[in-house]
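These notes concern the structure reproduced below.
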Amino acid sequence: MRWVNVCVVLAMCAFAQEERPRARDLGIAPGVMSPGPLNAITDVAGVKVGHRTVVRGDSVRTGATAILPHDGNLFQEKVRTATFVFNAFGKLIGSTQIEELGVIETPIMLTNTLAVWEAADALKHYTLHLPGNEDVRSINPVVGETNDGRLNDIRGEHLRREDFLAAIQEAKSGPVEEGSVGAGTGTRAFGFKGGIGSSSRLLSERQGGYTVGVLVQSNFGGLLTVDGVPVGKELAAERSHARAEPEEDLDLADGSIMMIVATDAPADARQLKRIARRASFGLARTGSSGGHGSGDFVIAFSTERDPSKYLEDGRLGPLFQATIEATEEAILNSMLRATTVEGHRGNRAEAIPIGRLREILAKHGR
């Protein structure tokens with residue numbers, strides 16, 4: 001094992017996550033639809049998620065998260081895809097070709113703002129070296145980002161090709177690790193620690209029996225709302241010693257979020273764009289203010305690869321609802337599962353206080 005990897009492993013031992021609840025452990029169940037058995041994007045058959053968490057010393061708090069629509073050769077077996085941009089202050093590599101052709105041909109990689117080019121290079125390398133791709137001469141890597149520069153020494157360029165390849169190699173089905181991991185290691189949300197979160201919804205047989213799964217990398221501001229309760233406002237008031245105008249202390253600063261929506265419904269690229277738009281509704285439900293400098297992007301893909309299968313537009317409604325609900329819950333999970341992180345220049349992001357959250361929700365009859 002090389003020294004750099006030893007550093008990562010040793011740091012992670014000290015950085016291990018405490019056991020923290022997901023939303024449903026607290027009785028928070030956004031919407032009316034039922035989740036899948038894992039309540040994660042991996043409930044969509046074939047989807048895999050891998051993380052590479054890089055923590056070194058007192059300043060490196062970053063990582064990568066890879067989402068694989070299937071475990072085959074994506075370049076040879078492309079999947080239908082669309083993007084939606086709610087606010088474009090950010091970098092979404094590969095989006096123009098997705099817009100033009102409606103497919104992706106590499107895994108989706110999430111990372112920090114200044115590492116997107118290294119991530120794209122890793123996806124290029126990975127794709128070129130897959131068996132069957134010996135004659136490939138053009139690749140469209142897909143990379144999204146949020147800025148972890150407050151907790152992470154983002155200018156230090158600490159992520160390398162091997163980190164992104166490791167995220168791909170470690171991708172698996174089953175439960176998705178959430179919170180302060182992978183691309184969510186150094187992120188913040190609503191003034192607290194953000195991170196990676198996931199959720200899913202199952203449609204009834206009458207609705208088509210499809211599954212929708214969402215994964216988010218949360219790193220944005222606003223007024224945190226949980227199940228309709230203005231939790232952020234109450235916590236801000238406490239932080240400011242019950243000032244008359246606690247909104248002055250709210251974290252309304254700019255930030256970003258990447259939202260990845262997966263489904264097994266046979267939606268085409270046009271329909272997937274309509275589905276992707278609905279993720280922004282789930283984002284709004286959590287209290288996002290969609291700030292000027294916030295990069296809020298959605299990538300939606302279908303794992304159905306049979307081109308003869310077609311989804312009628314009139315059956316999109318339940319998929320819209322599922323996307324909204326799963327996005328809202330994924331964001332909450334990203335915060336609830338996150339642990340307190342101290343990093344670059346002594347900056348610190350506190351995990352949202354679970355006990356106080358319970359009390360606030362109970363006071364509002366939740």
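The values are calculated or read from the model by the stated rules, or taken from the named source; none is laboratory data. On a predicted model such as this, the values are computed, not experimentally measured, just so you know. Cβ atoms come from the backbone with ideal geometry, glycine included; neighbour counts cover every protein chain shown. Remember, those area values only see protein heavy atoms, side chains included, never the ligands or the DNA or RNA. Shrake-Rupley method; radii C 1.70, N 1.55, O 1.52, S 1.80 Å.
For the reader, a short list of remarks on this structure follows.
- Residue in the stretch 50-59 that is farthest from residue 346 (Cα to Cα), counting only those that are touching a residue at least 60 places away in the same chain (Cβ under 8 Å) and open to solvent by 10 Å² or more (accessible area, probe 1.4 Å): 51
Residues are listed down the side, and each one gets a yes or a no for (1) β-branched (Val, Ile, Thr); (2) touching a helix residue (DSSP H, G or I) at 6+ places or on another chain (Cβ under 8 Å); (3) over 16 Å from residue 220 (Cβ atoms):
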residue: 91; (1), (2), (3): no, yes, no
residue: 107; (1), (2), (3): no, yes, yes
residue: 119; (1), (2), (3): no, yes, yes
residue: 142; (1), (2), (3): yes, yes, yes
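- Of all the listed residues (290, 317, 295, 282), the sole one being over 15 Å from the mean Cα position of the chain (by Cα) and either in contact (Cβ under 8 Å) with a residue 24 or more places away in the chain or closer than 23 Å to residue 175 by Cβ (or both) is 290.
Each row is one residue, and each column tells you yes or no for (1) at pLDDT 95 or above; (2) open to solvent by 50 Å² or more (accessible area, probe 1.4 Å); (3) outside any helix (DSSP H, G or I).
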| site | (1), (2), (3) |
| --- | --- |
| 296 | yes, no, yes |
| 301 | yes, no, yes |
| 311 | yes, no, yes |
| 314 | yes, yes, no |
| 328 | yes, no, no |
| 365 | no, yes, yes |
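- Of 366, 348, 337, all but one fail to be in contact with a strand residue (DSSP E or B) (Cβ under 8 Å, 6 or more places away or on another chain) and closer than 19 Å to residue 213 by Cβ; the exception is 337.
- Check on residue 132, touching a Gly at 6+ places or on another chain (Cβ under 8 Å) and not hydrophobic (A, V, I, L, M, F, W, C): no
- Counting only strands (runs of 3 or more DSSP E) that sit completely within the stretch 73-156, those holding 3 or more residues that are surrounded by fewer than 24 Cβ atoms within 10 Å (Cβ to Cβ) correspond to 79-88.
- Which numbered condition residue 170 misses (of (1) open to solvent by 50 Å² or more (accessible area, probe 1.4 Å); (2) more than 29 Å from residue 21 (Cβ to Cβ)): (2)
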